[in-house]
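These notes are about the structure you will find just below.
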Amino acid sequence: MFSKIAIKNFKCFKELEINGLRRINVFVGKNNLGKTALLEALFIYAGRYNPAIVLNTHFFRLGNTFPEFLEDINEVPKIFETMFYDFDISKILYFKADEASNEKSDDGFFGNVKEN
């Protein structure tokens, strides 16, 4: 169970930090404000040791499978553009969560290893 989550450069979130998470949390708001993106970020962070998790998250939302979607290997970077804030794939996706047990969990990084 997470008590805090931090997200950077993911979808609609340039930088987001939510503190005070509990066992049950309810996120409400109008359409297109990032509720689903927040849940996707949590899903990606929870599965950060599985390299396919980012692709799975992308395709769950689109309803596509990898072979059907990808016709040209040069199109691979375009698959990931929607995962990045302002579609900027030169940035690093950053996820971090603290466990409710006061144990710090590790960071999750995806994307370029160079900071721009």
Candidate set: the range 77-98, residues that are farther than 12 Å from Asn9 by Cα and out of contact with any helix residue (DSSP H, G or I) (no Cβ under 7 Å at 6 or more places or on another chain); chosen: the one modelled with the highest pLDDT: Lys96
If only one of Asn9, Asn56 is modelled with pLDDT under 90 and surrounded by 11 or more Cβ atoms within 10 Å (Cβ to Cβ), which one is it? Asn56
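The values are calculated or read from the model by the stated rules, or taken from the named source; none is laboratory data. This structure is a prediction, so every number in the text was calculated from the model and none was measured. When we count neighbours, we look across all protein chains shown, and the Cβ atoms used for this are built from the backbone with ideal geometry, even at glycine.
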